[in-house]
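Enquirer: Take this structure, written in structure tokens, and hold onto it; I'll ask about it next.
Here, each number is a calculation from the coordinates, and none is a lab measurement. What you see is a predicted model; the values in this text were computed from it and never measured. Positions of Cβ are backbone-derived with ideal geometry, glycine not excepted, and every protein chain shown enters the neighbour counts.
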Amino acid sequence: MNERPERLEASAAAPLMSERRVSIIGAVLVAVGPLSMALFTPAMPEIVNAFGTTEAAVKMTLSLYFAGFALAQLVCGPLSDGLGRKPVTFAFMGIYAVASLIALLSPTIEVLIAARFLQGVGAAVGVAVSRAIVRDLFTQERSARIMNLIGIILAVGPAFAPTLGGLTMEIAGWHAIFGLMLAAGCAIVLVVHFCLRETVQRDLSRIRPAALIQSYGLLLRSGYFMLSSIVIAGSVGALYTQATVLPFILMGRVGLSPSEFGIGMLAQTGMYFTGSLIVRQLMKRYGAYRLVPVGLTFIGIGSTAVALSLTFVPLSFVSVMAPVGVYAFGIAFVTPAMMTASLAPFPRIAGSASSLTGFLQMGMGLLGGTLAALIGDPVLGMAIIIPSLGATAIIAWLIWHRLPEPELATAVHPTPSTPV
């Protein structure tokens, strides 16, 4: 097993914000993306009827959300390196709030698709900036603990979001779901204003085109970064892929109502939550990196079970969600260490590194969802795509853990900036 030394540990004895504070703010920022997806999924079949459109068109509202989310991360992360974490977060969350209002008032499916794309653009800042903030202040085991706590808090919201979305739709209609998203966007702006402290010094040289190209070039050439990011992308991308097919499997084929579907999704998020709690305890004894192969073993078991269950077992809630739960359980063991590993060598371009990792993660989900849609049959698509993503994560880790740990990358911007 490849041990990772502590030499990259943040030197500051008293960081600007405590681990707990960073964890809570980070979870709030990260949660907006998955919440916007999970709240919406129970309404997808109903929206087909509301607009008199097709399943393929409604799936585009999710696919374009993924596209906006993935592409915008390549912009908001580097911008936060140069302009600061707070102003960039305000700007993109403003886009999210406006897009939620447009979605609420959408007269056609085309307007809704466009609004969902803009929602993805705005929500992207949560993932990119929250991880960069963690890297600004912490690395290695301290970073892994924060990533784990973010995962625990994050699991609570999406765990109940499908349930809340389903109940909201049945009580007040699908429009009300976007009202909840609008309220969430406004609440996050308040949290950022009152609770988040700036962690980087404004430095416009970091967002010059030549500097951005150099930063992303450095990351793309780093096998250490790319492989650790692909481990995350293959693991978490499966969740985003499943979001595009599970509503049509569980409600369209198994026959669950929207509220039943929402409650049923607790099987996925509940297992991730449970895994995160177990990881938090095991990290104290074994460290985060030793738990990664354990998680990948569960991902491998879940992947195999998905393929076999959907192919040879009659469709039911248990046959679909039991393998999904095992897969989600494994993800909790993988993400704290691998997210820390992907960011640790790049303190000067933490926003860019976080952005590219998020882009690969969401891009993998978008690719998986698109391929599943092209296959046509959601059951067959899930049986093929999910095991493929699990295998991708496992293979990437088998190569990554044999690589030497790189030195800190400081050459991109030679003059260090200090937190304000």
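Enquirer: For region 217-282, rounded, prolate or oblate, judged on the Cα gyration tensor with a ≥ b ≥ c (square roots of eigenvalues), a/c < 1.5 rounded, else prolate if a/b > b/c? Let's see the in-between values first.
Expert: Details: a/c = 5.04, a/b = 1.73, b/c = 2.91.
In terms of gyration-tensor shape, oblate.
Enquirer: While we're on this one: Can you give me the P(r) profile for region 29-94? Cα pairs, bins 5 angstrom wide beginning at 0, each as a whole percent.
Expert: 3, 14, 21, 20, 14, 11, 8, 5, 2, 0
Enquirer: While we're looking at this one, here's another question. Report the calculated FRET efficiency for residue 380 and residue 57 (r = Cβ-Cβ distance, R0 = 25 Å), to the nearest 0.05.
Expert: Working: r = 21 Å, r/R0 = 0.83.
E between residue 380 and residue 57, to the nearest 0.05, is 0.75.
Enquirer: Also, quick follow-up: Going by how many other beta carbons lie within 10 Å of each one, how would you line up 53, 199, fewest first?
Expert: Working: 53 17, 199 24.
By the 10 Å Cβ count, ascending: 53, 199.
Enquirer: May I pose another question? To make sure I understand, if each residue's beta carbon is the centre and we count other beta carbons within 10 Å, what order do 136, 377, 81 fall in, fewest to most? Present the calculation step by step, with values, prior to reporting the outcome.
Expert: Numbers: 136 26, 377 14, 81 32.
If I rank by nearby Cβ atoms, fewest first, I get 377, 136, 81.
Enquirer: With r as the distance between the Cβ atoms of residue 221 and residue 110 and R0 = 56 Å, compute the FRET efficiency 1/(1 + (r/R0)^6) and round to 0.05. Intermediate values should be presented prior to the final figure.
Expert: Numbers: r = 40 Å, r/R0 = 0.72.
Result of the calculation: an efficiency of 0.90.
Enquirer: Which of 145, 202, 116 has the fewest other C-beta atoms within 10 Å, and how do the rest follow up to the most?
Expert: Details: 145 20, 202 13, 116 29.
Listing 145, 202, 116 from fewest to most nearby Cβ atoms yields 202, 145, 116.
Enquirer: Say each of residue 205 and residue 189 gets a label point 7 Å from the Cα, pointing the same way as Cα to Cβ; how far apart are those two points in nm?
Expert: With each label placed 7 Å out from Cα toward Cβ, I get 3.4 nm.
Enquirer: While we're on this one: Which angle from 0 to 90°, rounded to the nearest 10, does the C-alpha axis of helix 85-104 make with the longest principal axis of the chain?
Expert: Helix 85-104 sits at roughly 10 degrees to that axis.
Enquirer: Gain in length, residue 214 to residue 274, computed as 0.36 nm per residue apart minus the alpha-carbon separation, to one decimal in nm?
Expert: On the way: separation 60, 0.36 × 60 = 21.60 nm, distance 4.04 nm.
Result: 17.6 nm gained on full extension.
Enquirer: Let me make sure I get this right: for region 176-265, a, b and c are the square roots of the gyration tensor eigenvalues over alpha carbons, sorted descending. Under 1.5 in a/c it's rounded, otherwise prolate if a/b > b/c, else oblate. Which is it?
Expert: oblate
Enquirer: Contour minus end-to-end for residue 257 and residue 399, with contour as 0.36 nm per residue of separation and end-to-end as the Cα-Cα distance?
Expert: Net length gain for the segment: 46.8 nm.
Enquirer: Helix 19-40 against the longest principal axis of the chain: what's the angle in degrees, Cα atoms only, rounded to the nearest 10?
Expert: Once rounded, one gets 30 degrees.
Enquirer: Please work out how much length the chain gains when fully extended from residue 312 to residue 198, using 0.36 nm per residue of separation minus the C-alpha to C-alpha distance, in nm with one decimal. Can you show the working numbers first?
Expert: Values: separation 114, 0.36 × 114 = 41.04 nm, distance 5.36 nm.
Gain on extension, residue 312 to residue 198, equals 35.7 nm.
Enquirer: Right, another one. Let a ≥ b ≥ c be the square roots of the eigenvalues of the Cα gyration tensor of the chain; is it rounded (a/c under 1.5), or, if not, prolate (a/b larger than b/c) or oblate?
Expert: Oblate shape, in that a/c is at least 1.5 and b/c is the bigger or equal ratio.
Enquirer: To test your reading of the geometry: what angle, between 0 and 90 degrees and rounded to tens, separates the Cα axis of helix 175-195 from the longest principal axis of the chain?
Expert: 10 degrees
Enquirer: Continuing with the same structure: If one computes P(r) from the Cα atoms of region 318-412, what percent of pairs lie at distances over 20 Å?
Expert: Values: 2239 of 4465 pairs.
Cα-Cα pairs in region 318-412 separated by more than 20 Å: 50 percent.
Enquirer: From the helices alone, meaning DSSP H stretches of at least four residues, give me the mean residue ellipticity at 222 nm for the chain, per-run term -39500 (n - 2.57), in deg cm²/dmol to the nearest 500.
Expert: On the way: 15 runs with 327 residues, N = 420.
It comes out at -27000 deg cm²/dmol, rounded to the nearest 500.
Enquirer: Once the other residues with Cβ under 15 Å from the Cβ of residue 18 are scored (Lys, Arg +1; Asp, Glu -1), what is the net sum?
Expert: Values: positive: 20, 21, 142, 145, 197; negative: 19, 136.
It works out to a net charge of +3.
Enquirer: Now a separate question. What dipole magnitude, in Debye to the nearest 20, does the chain give about its Cα centre under +1 on Lys/Arg Cβ and -1 on Asp/Glu Cβ?
Expert: Details: 24 positive and 17 negative charges, 191 e Å.
Roughly 920 debye, rounded to the nearest 20.
Enquirer: While we're here: Taking only the Cα atoms of region 82-138, how large is their convex hull per residue, in Å³?
Expert: Working: hull volume 3.5 nm³, N = 57.
Normalising the Cα hull of region 82-138 by residue number yields 62 Å³.
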